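What follows draws every value from the coordinates through simple rules; no lab data is involved. Remember, predicted model here, so these are calculated numbers, not experimental data. Here the Cβ positions follow ideal geometry from the backbone for every residue, glycine too, while neighbour counts run over all protein chains shown.
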Amino acid sequence: MVSSRSSASPHPYIPATGADRARMLERIGVPDVGALFADLPAAMRDPAIDLPPALPEPDLIALMEEHAGANASPSRPDFLGAGAYRRSIPSITGYLIGRSEFATSYTAYQPEISQGTLQAAFEYQSVVCELTGMDVSNAGLYDVASSTAEACLLAARVTKRRTVALLEPIHPGTAEVVRTYAHGAGLGVDAISSPEEIGDEHACLVAQQPDFLGTIADLEPLAEAAHAVGALFVAVADPFALGLLRPPGDAGADIVTGEGRDLAGPPNYGGPSLGLFAARTKYLRQMPGRIVGRTRELADGNGGGEERTGYVLTLQAREQFIRRERATSNVSTAQALIAVAFTITVQALGPSGMRESAVLCYQRAHDAASRIAALPGYETPDRGPWFQEFLVRGPVPAADLAARLAARGIGAGLDVSARPEPEARDALLFAVTEATPDAHVDALIGALAEIGGEA
Amino acid sequence: MRDPGPGVADFGARLSFDRGEPGRRAVDVPSWAAEETPLPDDHLLRDSVRLPELSQGGLVRYYTAMSARNFGIDSGTYPLGSCTMKYNPKVNDTVANLPGLARAHPQAPAEDIQGTLRIQLELALGLGELTGLPNVSFAPAAGAHGELAGVFMVARALEDRGEIETRRRILVPDSAHGTNPATAAMAGFKVTQIPTGADGSLDRATIERELDETVAAVMVTAPNTLGLWENGIEEVAGLIHDAGGYLYGDGANFNAIMGRVRFGDLGFDVVHLNLHKSFSTPHGGGGPGSGPVLCSEELAPYLPTPVVEEGDDGLVRLVAPERSIGRLQQFQGNAAVLIRAYAYMRALGLEGLRAASGQAVLNANYVRALLHGHYDLPYDRPVLHEVVFSGSRQRRELGVRTYDIAKRLIDHGFHPPTVYFPLIVEEALMIEPTESEPPEAIEALVDALISVAEEAESDPDTLHHAPWTAPIGRLDEATAARRPVLRWQEDST
Ligand SMILES: Cc1ncc(COP(=O)(O)O)c(C=O)c1O
């Protein structure tokens, strides 16, 4: 960087001028701004701090473009999934959440001037209930993993049991977050590989749909197994796949969590994300996070007796700012804007688009998998019906295969060769979605064939 | 025209579901032209999903109408205390949306993600410099998540010291944000409330009495929620350490002290910052935020996974600290928010950040000076980033609540201040102008507050029914909670 801001001029983000400051200081009755900090311990005030110099906007953009250029090219073929999937996001989604009335507002403490945020959250709750087949949804939590951890805490509260069961294969990040929260709350976590291992010590059974290795689960027997021992059944479902798959609520789930980020925009290196959390009505007052309700204007308000429909934050007696240490959760700021983006994408797709894109995703992925399986030296180990992710075992060890693909400008699937499932031995986990261009699949097939030829 | 616009008729009565027509669609989905794989068995699939069917233009118009019924920082002055509603620079959005950054996949191997990781590393270094606590994790998604990280870290450290069974209490001031006690409880601790003294700082005598071998930590918001400095906090830190406890800092109000004093120098062991507040990232109607947790060398091994580190090979990597409390999110935090915060730090530099904290404090004191006498001021001291007035006189003498005052302020074109928080101030009006309001906006805000105070005397009924000019009037919150309607239903209109 050659230039830096001239520190003599006022900063564009701070409107007060030197003359303004002089006038304000005089009104307050102090000689200078420093005097306003007189309460800070004198010996520690204004310490030496080493920060890079301020940049004017064009230089800032140039610097950030340089950083962006140090990442792998965003347009290269890439087959990573494992919890984050590249989706076709309609242009209107990013455009609409860019409206600063949405983006630069905060929590709707004043509903009269926050109807946009509130009504959009109500739309979100409605869409989540429809997709998951549940009765009620909150307005969204941080991400799928912390949502699932909150579901486990809820299950422990209502069952008064001290251990939760996670059915493998579950995303390792989700499992780890559940362990973090459970440890803090003094709960045990059992990783189980079959629903038969669940017992009456378990507050809930948690299962992922599709599972971490991409397989579609039959949720109903899992729900039955959980209910047979008096445990709750928590389904961790991909909301995009729910355009095609049976809603977990239909199969007997008590709580459904999920990750909404993929339908909200680009992966953004994993965040902001969006934790879905929907439940049966009987758990409503135990739910974490904000909930928006529909109501009417007060009859003695100023609506001329029309009593128009409006939206408010409701059931707040659960929340930290009222209940403090007895709240259902400490969550305050969550991911409201991402929830709006998620809702717009789902509503733009609509009932036919949700199903058509899920089917397109399924077809594209299966086509890619069968082309790979047809290559000499490759197999795609079978774990039953699957959605968008599949295992690939090649003629060379998994890490080597990934490295050889990288050398050809292709991002391989995640290396899952260290996992305990026999099908994952020596395998990479590839994701192909509705948004994967044909040319990328062709490039992958070509590269794999070449690598097969070398081996 | 079938769709009423914003503020017209009963806009809220009709949701997207009520606005569509069967057969309309907003986007096309290409069909699969090659060979078809049979779908899984029917019992694994759904029949249909109930969603609205709108045209693209119809959907855009509906959400645009909704947005027009919202108030953001770009709409006007938003002096919501404790929330630091400062201007959100647009260049931050521009750079966060660069495809190389936005399209980065969270499972990408380190060598493919050096740009993103270098941004995080430089932000970590900058925040370490600014707080004096050089060990950082960006895993927490918001302030309360950062608190959870910090309290879990304290618990793990106590486990390693063999004192987790005995140190079961966390002391929390009565002025604290609700997330502080809620967090302590989520981590299994008992909360002991510490009263605020007459000077607005923690009551020292109570602290000294309560500090013993059952105390795990003291959670202190600095500056506190009255907008005041915690006098003698560096001495309190010493007392806490002597008693074997940790000092947790809620750094939500960091905007007041950026570049002027450092948590580490004061003796704080672990703090969280709210980058969506101090570092100007858009609040999004309630997120996304980012609540990085920063700590001393002693607690660094317990930081949440991951932390960002530069290797001897020059490669920046995400690693798990040795005794980490574990992950708090599936991936590595709200990366796109971190990019915005980094862009803010680079646009301001140290001089700019000091100018921001200085102006934020000057602006709050300007509000205090101009509004003095018109409302009660229970803690009548020079303030830092915010000032907490009280409407208790209006309540007592005129039957007008702070609630009414806030609603009437909407008619003057302002977002109301935070009300009824902190809990220790009756009828609280918590005003945080931030550095990005010019003096004329502050003068207009104060004029409006004064005119509302006058109106409370001359015409209280106008306040009781305010706002008069908002897209909608006061809503029936009691019925909303008693008979909850929480989603669209076919017959819900
Ligand atoms: C003083 C204080 N502490 C903690 C928080 C919690 O932060 P967040 O809402 O990001 O979780 C807030 C704001 O909500 C706050 O004002």
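Note on segment B:11-64 and segment A:11-77: Cα centroid distance 47 Å, given to the nearest whole angstrom. Altogether, the Stokes-Einstein calculation at 20 °C and 1.002 mPa s, with the Kirkwood radius of the protein assembly as shown over Cα pairs as Rh, returns a diffusion coefficient of 75 µm²/s. Pairs exceeding 25 Å between alpha-carbon atoms, taken from A:LYS282/B:LYS277; A:LYS160/A:LYS282; B:LYS190/B:LYS277: A:LYS282/B:LYS277; B:LYS190/B:LYS277. Residue by residue along A:431-441, Cβ atoms of other protein chains within 10 Å of the local Cβ number 1 on average.
The fraction of Cα-Cα pairs per 5 angstrom bin, counted from 0 for segment A:237-313, comes to 3, 12, 15, 15, 15, 14, 10, 8, 6, 2, 0 percent, rounded to whole percents. In segment A:374-454, taking the dipole from charged Cβ atoms about the Cα centre, the farthest positive-side position among A:GLY394, A:LEU429, A:SER417 is held by A:SER417. Taking a span of 24 Å or more along the helix axis (Cα atoms) and a mean Kyte-Doolittle hydropathy of at least 0.0 as the rule, the DSSP H helices of chain B that qualify are B:114-131, B:143-161, B:335-371, B:439-458. Compactness of segment B:272-397, taken as the C-alpha radius of gyration over 2.2 N^0.38 Å, stands at 1.47.
Considering only B:THR37, B:GLY20, B:TYR63, the residue lying farthest towards the positive end of the dipole of segment B:11-68 is B:TYR63, judged by Cα position with unit charges set on Cβ.
Across peptide B:406-418, the average count of Cβ atoms from other chains found within 10 Å of a residue's Cβ is 2. Across segment B:223-229, rounded Karplus estimates of 3J(HN,Hα) from the backbone phi angles (6.51 cos²θ - 1.76 cosθ + 1.60, θ = phi - 60°) give x, 7, 6, 8, x, 10, 6 Hz, Gly and Pro being marked x.
For A:GLU423, neighbours were defined as the other residues whose beta-carbon sits under 15 Å from its Cβ, and their charges (Lys and Arg +1, Asp and Glu -1) total -4.
A straight line joining the Cα centroids of segment B:457-493 and segment A:103-121 runs 14 Å.
Rg/Rh, computed from the Cα trace of chain B with Rh as the Kirkwood radius, has the value 1.01. Amide H to amide H distances under 5 Å link A:ALA217 with A:ASP211, where only residues 5 or more positions off or on other chains count and H is placed in the peptide plane. Here the relative contact order of chain B, from alpha carbon pairs under 8 Å that lie six or more residues apart, stands at 18 percent. Note on segment B:263-411: dipole from Cβ charges, positive end direction compared against B:VAL293, B:GLY314, B:ALA336; the farthest Cα belongs to B:ALA336.
Shielding value for A:118-126 is 6, the average number of Cβ atoms from other chains within 10 Å of each residue's Cβ.
Along segment A:152-161 the Karplus relation, 6.51 cos²θ - 1.76 cosθ + 1.60 evaluated at θ = phi - 60°, assigns HN-Hα couplings of 5, 5, 4, 4, 5, 5, 7, 8, 6, 10 Hz to successive residues, with x for each Gly and Pro. For segment A:339-414, the relative contact order is 18 percent, taking Cα pairs closer than 8 Å that sit 6 or more residues apart in sequence and dividing their mean separation by the residue count.
How would segment A:374-454 be classified by its alpha-carbon gyration tensor: rounded, prolate or oblate, with rounded meaning a/c under 1.5 and the a/b versus b/c comparison settling the rest? Oblate is the answer for segment A:374-454, as a/c is 1.5 or above yet b/c matches or exceeds a/b. Computing Rg and the Kirkwood Rh from the Cα coordinates of segment B:438-492 gives a ratio, Rg/Rh, of 1.21. Each Lys and Arg contributes +1 and each Asp and Glu -1, all at the Cβ; summed about the Cα centre of chain B, the dipole is approximately 800 debye. Within the set of other residues whose C-beta is less than 13 Å from the C-beta of B:GLY115, count the net charge using Lys and Arg as +1 and Asp and Glu as -1. Net of charged neighbours comes to -3. With neighbour counts taken as other beta-carbon atoms within 10 Å, the residues B:TRP32, B:TRP488, B:TRP468 rank, fewest first, as B:TRP468, B:TRP32, B:TRP488.
Normalised by the number of residues in chain A, the average gap of Cα pairs under 8 Å and 6 or more apart makes the relative contact order 18 percent. Taking Lys and Arg as +1 and Asp and Glu as -1, the other residues whose beta-carbon sits under 13 Å from that of A:ALA439 total -1. Shape class for chain A, computed from the alpha carbon gyration tensor (a ≥ b ≥ c): oblate, with a/c not under 1.5 and a/b at or below b/c. Given +1 at the Cβ of Lys and Arg, -1 at the Cβ of Asp and Glu and no other charges, the dipole of segment B:352-478 around its Cα centre is 360 debye to the nearest 20.
Counting neighbouring Cβ atoms within 10 Å and putting the fewest first, the residues B:HIS43, A:HIS227 line up as B:HIS43, A:HIS227. Kirkwood analysis of the Cα pair distances in segment B:89-178 returns a hydrodynamic radius of 16.6 Å.
Of the trypsin sites (Lys or Arg not before Pro) found in segment B:32-119, those in coil by DSSP whose Cβ has at most 16 other Cβ atoms within 10 Å are B:ARG50.
What is segment B:54-138 by shape, rounded, prolate or oblate, if you read a ≥ b ≥ c off the alpha carbon gyration tensor as root eigenvalues and call it rounded for a/c under 1.5, prolate for a/b larger than b/c, and oblate otherwise? Judged from the Cα gyration tensor, segment B:54-138 comes out oblate (a/c at least 1.5, b/c at or above a/b). Summary of the geometry: segment B:392-434 and segment B:211-231, compared by the centres of their Cα atoms, lie 26 Å apart. Footprinting exposure proxy ranking of B:HIS283, B:HIS241, A:HIS171, fewest other C-beta atoms within 10 angstrom first, gives B:HIS241, A:HIS171, B:HIS283.
Across segment A:91-344, Cα-Cα pairs more than 30 Å apart make up 26 percent of the total.
Here the dipole of chain A is about 1060 debye; that uses its Cα centre as origin and unit charges on the Cβ of Lys and Arg (positive) and Asp and Glu (negative).
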